[in-house]
Amino acid sequence: MPTISHLLSTGPRWRYARKIFMLEPLLAKRVSGFQAVRKEEICGGINDALTMSQKGTQPVRMDLILGKIAGNIITRMLMNKGSLSENAAKIKNSHAFQQALRDSVRVGTNFYLGDYVPWLDPFCSKKEMYAIAKKCDELLQTILDDHKMKLGTAPGQTVTTDQNKVQDIVDVLLTRPRDGDGQYLTEMEMKAIIMDVFFGGTETNEVTVEWGLSELVRNPHVMEKAQAEMDSMVGKERLVEESDLPNLPYLNAIVKETFRLHPVAALLPAHMSMEDCEIQGYKIPAKTRLLVNIHAIQRDPEVYERPLDFYPERFLGSEKDVHGLDFDLLPFGSGRRMCPGKGLGLVLVQYTMALFIQCCNLKLPGTMKPEELDMEEKFGLSTPRLNCLKVVMTPRLPRGMLIQ
Ligand code: HEM
């Protein structure tokens, strides 16, 4: 199963799909419409983790907790319960659905030896790729057909419905009227957008928050300061809301510092110049490939003092931000191929971190000291921890507050 960036490298169809991606699924209003879903899933995940930790005696694998939180949020944004038949609801709730999408991304982004040594092709993972693509395609087709049926249209026909009834992202894609110039999304392009939303919204969030929490465990003074800010700005009588985020500058600095030290894409996906151009006296011919190493840029001692330290204070009072205009902080890339999910991605990371900071104390298991936590990275399309973070957790607020 392709994603939009695989399906359409550039050109008018890519521009059209990207416009829809930006305008529809990720429209600010739609992102904020799912606030309650995000709160419920993050609180549920934290509550589960606290239960597993058994009053701070058992270590909990954070990759599993964060994976479940992000997977559930994105699946619910794509497919709201209310709009699904029993059959599709079963698919949505099954582990198989999320696993198939994750497998598809895994095989699609792995290094494929057969591309470089063609005679080895039959021995590579092609069979597995086809099997996973077929499974994903079938699952996504069921979801699309089911939404169409609920919207009152038989599979294969164009959907016409009352826009006010739109509930989830799949509905939004299906009910989008043709553009003035007659363009519309094919089903394959819709499936690619669903894949993009799923991958974009899950792995990136899990990886970033796991690094952020690792840094908080390794730097207890930062955690204490963040909890003090939370207590003074929000208090302990209610849970932090997304609307509180702009009033939490230290939390925002922690998130920026996490993006700086641990960008999800250490190397931005390859970009290519479409025509000859000249930059600072250098002549760049058309079709030149550009790889931007943001991992190196964001740790450059000429730009950042003590670049390897986790020091959120460097961003307090600074205008520097992650929106693609400061070329030494580019976790979402920059320019016309910049991440179209930045708004959602940012709020997911900030809010997940905010609730963890407010609701729990996190410590390393046994007698392990903060400085002993390994921070090794696994290099690939994304850059997660090599070894997952395991912590023991105790509640800071009454557990009942987490149950929505
Ligand atoms: C922590 C959150 C996220 C981070 C750090 C992140 C980072 C990135 C980066 C670095 C790129 C490449 C930009 C470039 O080439 O210059 C990218 C592209 C992309 N991201 Fe994100 N992303 C995040 C969340 C999301 C979300 C939530 C979605 C969708 C719901 C999403 C969808 C996409 C898509 C579709 C592209 C490809 C765009 C294209 O090729 O034109 N991302 N992202």
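What are the residues whose amide H is under 5 Å from the amide H of Val60, where those residues sit 5 or more places off or on another chain and H is modelled from the backbone?
Under 5 Å from the amide H of Val60: Val391, Val392.
Compute the FRET efficiency between Tyr282 and Tyr130 as 1/(1 + (r/R0)^6), taking r as their Cβ-Cβ distance and R0 = 56 Å, and round to the nearest 0.05.
Working from the Cβ atoms, E equals 0.85.
Please compute the net charge surrounding Cys360, taking Lys and Arg as +1 and Asp and Glu as -1 over other residues with Cβ under 11 Å from its Cβ.
+3
Counting only the backbone N, which residues of segment 190-218 are under 16 Å from the spot 7 Å out from the Cα of Lys369 toward its beta-carbon?
218
Which residues' amide hydrogens lie under 5 Å from the amide hydrogen of Cys360, considering only partners 5 or more residues apart or on another chain, with H built in the peptide plane?
Arg396
Leaving out same-chain residues fewer than 8 places away, which lysines sit with a Cα under 30 Å from that of Lys256?
Lys19, Lys29, Lys39, Lys68, Lys225, Lys236, Lys320, Lys342, Lys363, Lys369, Lys378, Lys390
Ordered by packing density, taken as the mean number of other Cβ atoms within 10 Å over each peptide's residues, highest first, how do 268-279, 288-299 rank?
So the order, starting with the most tightly packed, is 288-299, 268-279.
Just order 209-217, 53-61 by mean Cβ neighbour count inside 10 Å, highest at the front, would you?
Highest-to-lowest ranking by the protection proxy: 209-217, 53-61.
If we count every other residue with Cβ under 13 angstrom of Asp63's Cβ, Lys/Arg +1 and Asp/Glu -1, where does the sum land?
That works out to +3.
So, counting K/R as plus one and D/E as minus one, what does the shell of residues with Cβ under 11 Å around Val234 add up to?
-3
Tell me, Lys287, Lys236 in order of fewest to most beta-carbon neighbours within 10 Å?
Fewest-to-most ranking of Lys287, Lys236: Lys287, Lys236.
Could you tell me the calculated FRET efficiency between Leu386 and Gln183, based on Cβ-Cβ distance and R0 = 51 angstrom, to the nearest 0.05?
Here the calculated transfer efficiency is 0.70.
How big is Rg to Rh over segment 4-402, alpha-carbon atoms, Rh as the Kirkwood inverse-mean-distance radius?
0.97
Values in this text are rule-based calculations from the coordinates and carry no lab data. All of these numbers come straight from a predicted model, not from anything done at the bench. Note that we place each Cβ from the backbone using ideal geometry, even for glycine, and neighbour counts take in every protein chain shown.
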